[in-house]
Every structure is written in structure tokens, then in C-alpha cells.
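Step one of this worksheet: look at the structure below.
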């Protein structure tokens, strides 16, 4: 399990791998495996002879299929670093243990490759130095060639990729030349031994399995470019190179091997790579064979080592991101340095180096490698329904064959090697478990985060001294070493001096780059980054920036100047600045004011610019930087501020009035709700007891009737009282009285309910309500104004309700809008009747009416129309209806805030519209449109 702090830190706040590599740089890493063929072919050639071709052919076919499959996976996992093994973890995500084992097995093979390269280079240099009479301790060469690629890698991704590309291009070109020229020489040369052998010997399955297991070391590793997809600026181009890498396998692995098998036939060469390749190339390269082969072998070793320190950290980085190993391995600096991953890779390399047995290192490393691809093919079969899997059935067949090859071939290399190879990934997983649990700061992600967040402040007062000193040291060292070897070469009467020259040349090149990475290169990178930052600021700056010479001629202009002058920067260059800023009085910049304001005409409008001028001394000439800042809006704002004080006071007054009105409405709502609550209690008491009172009275009346029936002749006193109270009328009228009381109580209950619904104090938040209920409650409250009075008629309410669902709104505020609009409509109709305008003309036969219409549109907009058939509103007044304090009512009757507040409630609170449609003599209609669902806005 991962520590919580590791996971959270690793996933969110730490820098991730940036896309800094060009496609060509990533392609270079994809050619490493092809060049490594030079180290593999002598061994299989010495063991199998021409029969080795039957091992190479299926291995190449499987390798080509693998490249196409990895390309497909890469297209799907475009942001996954590490390539093939980390794609396998995605396929085996349901089996995390197998996924982790596959990646680490793949990793260990690459690590073993670096150790083998170190030993090969050590032996090669040692042999050549001994020929010159120079001795060098093995430990110095081992440590030197092991640390060399790491020193470059710790300086950043770009330095290593460029160094790799610089040597991989000539090495690969030389290798292709060897294959093409060799095959041509075999086919067409008159002294050729023949393209095909005269006889073929038999090949046992055990030997085939043993050496198939061996050659996959090269044929399965031609997909290395996929490891750099996540930090490639053009990941698709990087992946497309896998097709090229696949088709480069046949001419190199099959064609090149065929050349060696046909031309390097001396059994005394055994598995010596140098002697076999020289023998194979000498017929067509002549005396250049030795130096060319030396270059190829040294290139294979150095380029392989460079690929190891580039590839392995990315594998560990992605494995940590996927939570398969400790999060500390996800650390990567902004320059692409995987410090913890590089350190673990170095430790594993040193373990292999201490072991020192090349044959066993290769065998053990290849076992984990082979199992890794077996698990990849297993993942392809398990994910056969996924779109990124190309050949699921073929992958299953290859997997079954690989199982057999692992058992037969692995045992052929030795059961102990097989066991060590199978257990090695588990050992690395144990190391990871220790790293997770040991409380050592560098084993925790947070320690690296704090370290990288501290920007190192390197102040070098005179970096030129350091650069010159380093250059002198390197030149003196080169002269001294050249003189020493020149003396030694002159003393040795043997050919092959050029071989040691090639070895030393490439080694010194790597050493030189390593030294530069830690001395001059950081300064160069810092200068380049500073230049890029300055150029970026110059380009993206919103202010215009001009660079003029001491004559006032514009030499540089940034893109922002186009918005000031209306011409491109290229058109500005070469002109005097006074052409564009005529207010500059003098010709020469040294006489200009350091800060001034200029008015120019741009795009048909006047612009006010603040012009700042500063000189920039140069070693050879004087320059001036002119910065143009548009202050037009600031000047306009200042002018507006000067003339807007009265307007602000008026707005403040309006706002205060609106706040007072809102507070009054809020208080009124609370008062209405309180009164309704207080009335509701006694009304409920009365309403609840009327039923029982009616029942009791009916019982008493029946009792009186029984007395009348059984005592028809009561005493005189009872007869007099009966006549006095008019008992018959009382018996007849009392039920009617109780019924009237019950109707009155029910009416009071309805009014109380309408008041409570109108106030809606329990619905201050937005919720879905019945709009029609709100309108009906408002009409209930206003019903007393709709009834006929002595001086005007009844106002008829016409309801044309549509089928509306519940509407999301602020119910209390919307009821306030209904109240304002309905009250205004009633006021308008009352005014017409009172003024005697209703009985005249077209209005003579009409009844005052208020029409309420609702509907739901196809766009889920709720439309509410409230209109009257009054005299209408003149057009010139309609534009002012929603302005605060505007009213057409007499003084003291209206505040002028009702419609203004209603407009704000509809437009601001509900994102709707409120408009007035009216014409003189045609009545007035207010149309409300609000969304059905406010959350959808």
C-alpha cells in the first residue's frame, strides 16, 4: 500500500514530464537495438553457423509484429512514459502483481545491458592500451564508463538525446552500408564465396530455443522509441517511427547476420565481435574495415548505455505514477532529470558490474526480459476485446511458443541462471518495499519536492573566466593526451593504431559532453532560457515596445504596436519614430522627455498614449527602448468621474429608496404572515365549534318540540315568554344563523390562507411552485377592489391558464410582481371609471376586464400576461415605466417603485424579461417571460 501523503503529493502538486524532445531525437533511441546487433551476432554465429538464420527469421517476424502492436498501444496511451512494459501494466491492470513483475523484468535487462557495455568497453580499451604499453586499472575504467552516461543524464534530457542522436546517425548509416554493400558483394562479386552455402547442417529444437531466447535481446527491443512518447513534442511521429524500425530489422538482423555467416568463417575467431565483423567487412571495405568496426562496436556500447539511462528512469517514473512502486520514483525536474530513478538504476548497474560475469549477466537479464514479453502477450490475449489489441489470437500462439522456449532455452543456459533471472524482479520489488517503509528523507516524495521548489541562486560575477579556464584545460589535456599517444604509436610497430583512436575519440566526446553538462552547459541553458523569457515577454506584452537607435530610427517592434499605429511591425522598422509620434519635438532620442503623453489617431479614434523612454547601453552602440501604454480608457474614466458625482448621488438616493421599499415589503410580508397566523387560531376555534354548536341547538330544538307535543297547554307564564321571544321564528332562523356563521368562518380561513401563501416567508429560497396558485392568492387579497361600488362597475377577471408544470422561482418575490401588476391594472380601470371615460365611445358597452393568460413555450419558457382593457399608456411614457420613481399616478398615490422593483425581480432574480405592450385606447398588457428551470441557466 502507498503512503497517503505520497499519493496525494505525487498526483497533484509535483511537476510532470514535459514534452521537450523533438521527434528526431526520440527516433535516435529507437535505433539503439539495431546497432546492438553487432555485439550479438558473433556469439550465435560461432554456435550455429549458417543455421543461425533459422533463428533470426522467426525472431525478426515476431519483433516486427511487436512493433506494430506497440505502436497501436502507444496511440491509445499517448501520455504513458516508458513504452512497452508500462503498456503491459495497462493491459494487466486486474493483475497488479504480474504487471509489476513484467515491468521490472524488462527494466533489469536494460540495466544489465549497461553493465555489459561497460565491461566490453573496458576490455576493448585495455587491449588497445596494452598494445601501446599503457596500463590502466580495471576499476577506473569500470567506474568511468558506468558513471559517464549518468553524469550526462543528470544534466537533463535534451543534452543526452542530442549527444545520442549525434553518434547514432553515423553509426546506423555505417551499419546499413555494411548490410547493403555486403549483400551486394556476396551476390555480384566474382570472388564471392557464393550467396548460399553449399550444404546445410541440422538444427535441434533445443539449440533453436536456446538461441531464439538469446536473439530476442535485440529483436524485441526495436520498440524503444515508444518509451519517449510522453515527452515527445510530436508523439504521433515518434510512434510512426516504429514502422520504420520494424522494416529496418530484416536488412540488419537477417541480412547482416547472413554476411557474417558467409564471410567470417575462421573458427579461431570464436565469438570475438571485432574479429568476426572485421573479417566479414574486409572483402568490400579493405583497410577501413578495422576502424569502421571499432566505431560500430564503441558506438553500440556508448549509445546503448545512453539509452539505458534514458529509458530505465522513464519506466520507473510511469510505474510510480501508476502506483505500482514508491511515489519517490515519480520525481522529475523541469529539465527532465529523474534523480531517484537514475540513482536506483545506477545501484543496479553497480551490482551487475561487481558480479562481472558477462555471459551470466546476459543470460540472467534476458530471462526477466523474456518473461516480460510473455506477460505482454498474455495481457494482449486477456484484453482481446479492446480496440488497441491488434493480433489477439496470434499473441496467444506466440505466448505458448514463448513458454516452451523459456523452459527449454532457459534450462539450456543453465538452471541456476534461470532461477536467478526469475527471482531478480522479486528482489527489486523487495528493495522498493524497503524504500517505502524506511524513514529516510530522500526516500520520500516530499523531500524532493522541497528540494526542487528551492530555486538555486547561482551568481557568477564573471562566467567568462570560468568558460575560458575550462576551454584552456580541455585544450591542454587534448594536446597532452595527443602527444602521449603519438609518442606511443610511433614506438609500436603494429597496425591498428587507428582503432584506439576511434575508441578514444568517442570516449573523449562523451567525457567532453559530460564535463560541459556540469560546467558551461548550465550557463548556456540559463542564457537561452533568459533569452526565451525575454522574447516571450516582448511578444505577449500588451504595451507597445519599440527599440530605436541613437538617430531615432525604429529597429525592433513587438506585435502590440500594430494595435497602436495600424501597421505591422515590419512596416514600422526603418522609419523615424516622429513619423508615428509627431508630438516628439526633437530628432534625437537623447533629447526626448523620459515620460510624456501623446495623442494619436488610430482606427478612426483618438488614442492617448503614455510614452516612456529609457536608454539601453550596448557594447558597440546606443539603443533606446520606448514603451507605449494606452491610457485612453483611464483618461476617459477620469473625465467620467469628474462629471458623475451628481449622478452617483441620484443613484444612491434611488438605491436607498429601493432598499427602504424592499424593507417595507419585507416587514409587510412578516406583518401579513403574523396577522394571518393570529387570526387563524381563533377562526379555527370558531370554525371547529360551530359544528358542535349546531348539533347542540338541534338537540335543544327537538326537546322543545317534544315539550310542545306532550304539553300542548303550558302554564300562562310559558305562553307569555313564548310569544315574547317569537319561538317559531327563532326555531326557523337559528339554523340559518349558524350556517351564515360557518360560511363566514370558512371565508376568513380562505383569506388567511391566501395571505400566508402570498407572503411565502417559508419560501425565501428558490423552489418549484404552482404559479397559478400564486396568482389566485393575489386575486383573493385584491377581491375587495374587484367588487362593484357606488361609483364604478365590477371588474371582471378572465383567466386563460395554460398547462404549466411547477416553475422554479422565488415565490414571495414573484407574488409581489403579480400584486404590483394587478394593482396597477385595477388603478387604471378605476381611474377611467371615476373620470367618466368608460361610458363614452367604444367603452359604452364594455365591462372593465383584467385578462390573465399563461402558457409554456417550446423553449421551456413560462409566459405570464396580465392585461386590462383600459385607455392604455402613451408611447412616450412607456420607455420610462421601469425607471425608479417614475409614476403616472397623482401625488401621494404612487411611489414610482412598484414597476421598477418588479422589473429587477424578473430580469435579475429570474433571468427573464418584463415588457409593456400598450396603445392609446387599446388597453395595456404586461408580459412576463421566465425560464421554467433556473438551474439550467
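Some values worked out for this structure:
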{"quantity": "Residue 264 being crowded, with 24+ Cβ neighbours inside 10 Å and assigned by TED's automatic domain parsing to the domain that holds residue 50", "calculated": "no"}
{"quantity": "Test result for residue 215, buried (at least 21 other Cβ atoms within 10 Å of the Cβ), under 31 Å from the mean Cα position of the chain (by Cα) and either in contact (Cβ under 8 Å) with a residue 12 or more places away in the chain or not assigned by TED's automatic domain parsing to the domain that holds residue 363 (or both)", "calculated": "no"}
{"quantity": "Looking only at the stretch 379-400, and only at residues there that are out of contact with any helix residue (DSSP H, G or I) (no Cβ under 6 Å at 6 or more places or on another chain) and in a helix (DSSP H, G or I), the one that is surrounded by the fewest Cβ atoms within 10 Å (Cβ to Cβ)", "calculated": "393"}
{"quantity": "Selection count where residues are within 21 Å of residue 298 (Cβ to Cβ) and not in a loop (DSSP other than H, G, I, E, B), scope the stretch 258-283", "calculated": "13"}
{"quantity": "Subset of the stretch 560-586 (residues that are part of a loop (DSSP other than H, G, I, E, B) and farther than 19 Å from residue 612 by Cβ)", "calculated": "566, 567, 568, 573, 574, 575"}
{"quantity": "Residue match in the stretch 229-237 (condition: touching a strand residue (DSSP E or B) at 6+ places or on another chain (Cβ under 7 Å) and part of a loop (DSSP other than H, G, I, E, B))", "calculated": "yes"}
{"quantity": "Top-ranked residue in the stretch 768-807 [being buried (at least 20 other Cβ atoms within 10 Å of the Cβ) and closer than 23 Å to residue 859 by Cβ; ranked as farthest from the chain's Cα centre (by Cα)]", "calculated": "775"}
{"quantity": "Some residue of the stretch 367-381 being more than 23 Å from residue 65 (Cα to Cα) and free of Cβ contacts under 8 Å to residues at least 24 places away in the same chain", "calculated": "no"}
{"quantity": "Residue check for residue 403: part of a helix (DSSP H, G or I), out of contact with any helix residue (DSSP H, G or I) (no Cβ under 6 Å at 6 or more places or on another chain) and closer than 15 Å to residue 102 by Cα", "calculated": "yes"}
{"quantity": "Residue list for the stretch 298-353, filter: closer than 20 Å to residue 448 by Cβ and free of Cβ contacts under 8 Å to residues at least 12 places away in the same chain", "calculated": "343, 347"}
{"quantity": "Residue match in the stretch 166-188 (condition: part of a loop (DSSP other than H, G, I, E, B) and either in contact with a helix residue (DSSP H, G or I) (Cβ under 9 Å, 6 or more places away or on another chain) or over 22 Å from residue 49 (Cα atoms) (or both))", "calculated": "no"}
{"quantity": "Residue tally, condition assigned to a helix (DSSP H, G or I) and without any contact (Cβ under 8 Å) to a residue 40 or more places away in the chain, over the stretch 406-446", "calculated": "12"}
{"quantity": "Elements of type strands (runs of 3 or more DSSP E) in the stretch 761-844, at least 3 residues being at pLDDT 80 or above and not assigned by TED's automatic domain parsing to the domain that holds residue 910", "calculated": "none"}
{"quantity": "Hey, residue 350 at negative phi, surrounded by fewer than 21 Cβ atoms within 10 Å (Cβ to Cβ), at pLDDT 85 or above and part of a helix (DSSP H, G or I) or not", "calculated": "yes"}
{"quantity": "Boolean, residue 435 is crowded, with 17+ Cβ neighbours inside 10 Å and under 34 Å from the mean Cα position of the chain (by Cα)", "calculated": "yes"}
{"quantity": "Boolean, residue 141 is touching a helix residue (DSSP H, G or I) at 6+ places or on another chain (Cβ under 9 Å), in the same structural domain as residue 304 (by TED's automatic domain parsing) and either over 28 Å from residue 28 (Cα atoms) or in contact (Cβ under 8 Å) with a residue 24 or more places away in the chain (or both)", "calculated": "no"}
{"quantity": "Unmet requirement for residue 143, which otherwise passes all of (1) buried (at least 17 other Cβ atoms within 10 Å of the Cβ); (2) over 42 Å from the mean Cα position of the chain (by Cα); (3) at pLDDT 80 or above", "calculated": "(1)"}
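The values are calculated or read from the model by the stated rules, or taken from the named source; none is laboratory data. Computed from a predicted model, the values in this text were never measured in an experiment. No Cβ is skipped: glycine too gets one built from the backbone with ideal geometry, and neighbour counts run over all protein chains shown.
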